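Rule-based calculations on the coordinates, nothing more; no lab input. Remember, it's a predicted structure, so these values are computed and weren't measured experimentally. Backbone-built Cβ (ideal geometry, glycine too); neighbour counts: all protein chains shown.
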Amino acid sequence: MSEKAILVVDGQQIELPIITGTEGERSLDISNLRSRTGLTTCDPSLGNTATCKSEITFIDGEKGILRYRGIPIEEFTENPNFIEVAWLLISGNLPSSEELAEFRDLLTANELLHEGLRHQFQHIPVEAPPMAILSATLSNMACFYPGFLSLDTPGTFNEAAARLISKVRTIAAYSYRRSQGLPVVYPDPSLRYCANLLHMMFSIPYQQYVITPEIEDAFNLIFILHADHEQNCSTATVRTVGSSRANLFASCAAGVSALWGPLHGGANVEVIGMLERIRAGGMSAEDCIAAAKQRDSKFRLFGFGHRVYKNYDPRAIILQQTCDRVFTQLKITDPLLDIARKLEELVLKDPYFVDRHLYPNVDFYSGILLRAMGIPTNMFTVCFAIGRLPGWIAHWKEQHDDPGSRITRPRQVYVGSGKRKYVPVEER
Ligand code: SDX
C-alpha cells in the first residue's frame, strides 16, 4: 500500500500518493494535481521537483554518495576505464569482455570526422571558444549523418551513440589544434580512447606524442568522474530537448551549451582564474572569501557549493587524491594546488560556508589536475563535456524508450499586465 499525503484545498481534502525510490527517497506525486484542484506548484529552479524516475545514477547529497547503476564511483578508481563506464551508464550493466571489445572496435570505426566537417575547422576563427565549436559541430553531425536522425530502427542507437562518443574526442582535438594554429592530427586506430585524444591534441607531424600511463589513467578517471550526475542542468536540458523527439545530436549539442555556463561546467575554468589571481597577488585567499560572502556581490567562490551535495562532493575527494598521486608520479609541483588547499582549509572553517554546507565540488580540483596533464584552460569544460556525454546519451535513451514519456512543458504563474487595449502608435 503506497504512502499518501493529504492536501486540504478550499476545504476539500486531496490524497496525493508518495513515491519511494530504491534508496528510500520520497516524492509527492502531483501528476494530476491541476486536473483535481486547478493548482500548479511553483518551484522556479526545480530544486524541490523530481522531473522523472531514473535508474541511471543515485546521489545522496547529505552523505556525499554517488553511484552509477548502483556501483559507487570509488570502485572505478583502480585501473579506470572510461569506455567500460560509458557502456555501464548507457546499457545498465558492466560489459562482458566481448561486449567491451566490440564497443571499442565500434568507437575505433567511428573516430574519423566526415571530411566535410573537418574542412569547416579551417574557417573557424582561431580565438573561437572550443565549447561553441563543440556544440555547433555536434549539432552539425545531423547534416553529415542524416541516417541517425531517427533511432527507432534496431541498432541505429548503438551506432549513433558510438559516433558521438568517439567523434567528440576528434572534434575536441581539432578545436584545440585550430586554436593553436596547428594542422589537425588524424586519430590513430591502434590507440585506446584517452591515448588517442592525447595523440590528436599533442602529436605533431613526424613526432608522435609520448603517452605516459599516469596521464592516460588520469584522463580515464576524470572522464569517469564527470560521466553522469542525475538531473544536473545540462542533463535536464538534454532530456528536455529529447522530450520533443529531437534527434540525439541536437539534444547533446544543447547539453554542451548548458554545461558551458560558469555556474555549471564552466566553473573549472573560473576556479583556475580565481587561483591565478591569488597567486599573482591580485587578491589574497582571504579577499576571495570576503568577496564571496558579500550579499550583493556577484562574485562566487568557484568550485564550492552544490545544489545537491550538502557534504563533500565525493568526486572532489578523489580528484584531490589524484592530484597528489599524479604530481608525485610526474615529479611536478603547482603553486595553485597549494593555494587551493589553503583556500579549502579557510573555507571549511568559515561559518558562512559551514552554515550553508558549501564544500568543494567536482570543479575545484579538476582544473588543477588537467593543468598538470598539459591540458590548456580553454579545453577544461570541453573535457567535462567528453566525460558527460555518455550520461547525456543514457538519459536521452532512458526517456526515449519510456512509453509513458511526454514532451516537457512546465506551467507558470502569470504576474504580468491585466487585459488592456491596443493603442495605435499615433496616440501613444
Ligand atoms: C557542477 O548539479 C550538478 O550536479 C552539477 C555538477 C554536475 O556534475 O553536473 O555537479 C557540476 O556544476 C558543479 C557546480 C560548479 N559551480 C560552481 O562551482 C559555481 C559556484 N557555486 C555556486 O554558484 C552554487 O553553489 C551552485 C550554482 C553550484 C549551486 O547554486 P544553488 O544551489 O542555487 O545555491 P544558491 O545560489 O541558492 O546558494 C545558497 C546560498 C546563498 O547564500 P544566501 O542566499 O543563503 O545568503 O549559498 C551561497 C549563496 O550566496 N553560495 C555561495 C556559493 N554557493 C552558494 N556563496 C559563495 N560562493 C559560492 N560558491
query = Among the residues of region 349-356, is there at least one that is under 18 Å from Met274 (Cα atoms) and more than 16 Å from the ligand (Cβ to nearest atom)?
reply = no
request  = Mind listing just one residue for me: the one in region 188-200 that is surrounded by 22 or more Cβ atoms within 10 Å (Cβ to Cβ) and touching a residue at least 24 places away in the same chain (Cβ under 8 Å) and, of those, farthest from Ile83 (Cα to Cα)?
outcome  = Met200
request  = Look at Glu55 and say whether it is touching a residue at least 12 places away in the same chain (Cβ under 8 Å) and within 30 Å of Pro183 (Cα to Cα).
outcome  = no
remark   = Given the conditions (1) closer than 26 Å to Leu389 by Cα; (2) free of Cβ contacts under 8 Å to residues at least 40 places away in the same chain; (3) surrounded by fewer than 19 Cβ atoms within 10 Å (Cβ to Cβ), every one holds for Asn311 apart from (2)
remark   = Filter region 237-259 for residues that are of a type in the set (Gly, Ala, Ser) and either touching a Gly at 6+ places or on another chain (Cβ under 9 Å) or under 16 Å from Gly387 (Cα atoms) (or both); the one that is surrounded by the most Cβ atoms within 10 Å (Cβ to Cβ) is Gly255
query = Do we find that Arg178 is basic (Lys, Arg) and more than 14 Å from Leu112 (Cα to Cα) in this structure?
reply = yes
query = What number of residues within region 232-258 are among the basic types (Lys, Arg) and assigned to a helix (DSSP H, G or I)?
reply = 1
ask   = Can you name the number of the only condition in (1) part of a helix (DSSP H, G or I); (2) away from the ligand (no atom under 11 Å from the Cβ); (3) closer than 15 Å to Asn268 by Cα that Phe384 fails?
value = (2)
request  = Would you mind telling me which numbered condition in (1) part of a loop (DSSP other than H, G, I, E, B); (2) crowded, with 22+ Cβ neighbours inside 10 Å Leu358 fails?
outcome  = (2)
inquiry  = Ser2 - would you say it is over 27 Å from Cys233 (Cβ atoms), in a loop (DSSP other than H, G, I, E, B), of a type in the set (Gly, Ala, Ser) and touching a residue at least 12 places away in the same chain (Cβ under 8 Å)?
reply    = yes
Region 242-258, residues that are under 28 Å from Leu369 (Cβ atoms) and more than 16 Å from the ligand (Cβ to nearest atom) = Ala253
key: Tally, over region 205-219, of residues that are surrounded by fewer than 24 Cβ atoms within 10 Å (Cβ to Cβ) and part of a helix (DSSP H, G or I)   = 5
message = If I ask for residues that are among the charged types (D, E, K, R) and either in contact with a strand residue (DSSP E or B) (Cβ under 9 Å, 6 or more places away or on another chain) or under 20 Å from Val269 (Cβ atoms) (or both), which ones from region 342-370 would you list?
response = Glu344, Asp363
key: Residue check, Phe223 within 16 Å of the ligand (Cβ to nearest atom) and within 18 Å of the chain's Cα centre (by Cα)   = yes
